Amino acid sequence: MEIALRAVEDSDLPVFYRQMKDPEALRMAAFGPQDPTDRDAFDIRWKRVRDSSFLLRTVLADGVVVGSAGVYGEPGEREVTYWIDRAYWGRGVATAALRALLVEVPERPLYARAAADNAGSLRVLEKCGFRESARARGYANGRGAEIDEVVLRLEG
């Protein structure tokens, strides 16, 4: 499977919206939107982030839109984020997409966060060189509760 990144296009947004409404993906990611069914809030958020200094990419698998990846935040505190359609979990897509993103963004350090029980995402981050730097607790909309999260750091 060929994994590629490209700039986000308007036609990607309905796919992202569908992906972010997947209840199992929301539970696993934990830190998703407050109301994943609120299309207006989704559209407002994506307009805001597309107009910002975020670096956003669409993830393609063999030319099919399968998710998004990006980097946001202030220099020295920038954080990676990604969302891959559940149908592609466990197939190396997230790892390949994150590796491609890290080539585009050479600055270090970079940070990432994942629910402490999200073994798949933690494995992706570790394969890409991120190492645990802290533990925290935060409210997770996808679970309706405060949960443990792992903060990871990628050095030069």
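The values are calculated or read from the model by the stated rules, or taken from the named source; none is laboratory data. None of the values given here were measured: they were computed from a predicted structure. Heads up, the Cβs are rebuilt from the backbone with ideal geometry, glycines too, and the neighbour counts pull from every protein chain shown. The area values use the complete protein model at the heavy-atom level, side chains included, leaving out ligands, DNA and RNA. Shrake-Rupley method; radii C 1.70, N 1.55, O 1.52, S 1.80 Å.
Output the residues belonging to the stretch 67-83 that are surrounded by 13 or more Cβ atoms within 10 Å (Cβ to Cβ) and over 12 Å from the mean Cα position of the chain (by Cα). Reasoning before the result, please.
Initial filter on the stretch 67-83 (surrounded by 13 or more Cβ atoms within 10 Å (Cβ to Cβ)): 67-73, 78-83.
Matches in the stretch 67-83: G73, R78.
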Review point. Looking at S11, S53, which one is open to solvent by 60 Å² or more (accessible area, probe 1.4 Å) and part of a loop (DSSP other than H, G, I, E, B)?
Key: S53
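Could you say which residue among E79, E146 is without any contact (Cβ under 8 Å) to a residue 24 or more places away in the chain and out of contact with any helix residue (DSSP H, G or I) (no Cβ under 6 Å at 6 or more places or on another chain)?
E146
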Exercise for review: Report yes if D148 is assigned to a loop (DSSP other than H, G, I, E, B), touching an Asp or Glu at 6+ places or on another chain (Cβ under 9 Å), of a type outside the set (K, R) and on the phi < 0 side of the Ramachandran plot, otherwise no.
Suggested key: no
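Any idea which of R27, R48, R108 is surrounded by fewer than 18 Cβ atoms within 10 Å (Cβ to Cβ), in contact (Cβ under 8 Å) with a residue 40 or more places away in the chain and either in contact with a His (Cβ under 6 Å, 6 or more places away or on another chain) or assigned to a helix (DSSP H, G or I) (or both)? Working first, answer last.
Details: R48 fails: in contact (Cβ under 8 Å) with a residue 40 or more places away in the chain; R108 fails: either in contact with a His (Cβ under 6 Å, 6 or more places away or on another chain) or assigned to a helix (DSSP H, G or I) (or both).
That would be R27, the only listed residue that is surrounded by fewer than 18 Cβ atoms within 10 Å (Cβ to Cβ), in contact (Cβ under 8 Å) with a residue 40 or more places away in the chain and either in contact with a His (Cβ under 6 Å, 6 or more places away or on another chain) or assigned to a helix (DSSP H, G or I) (or both).
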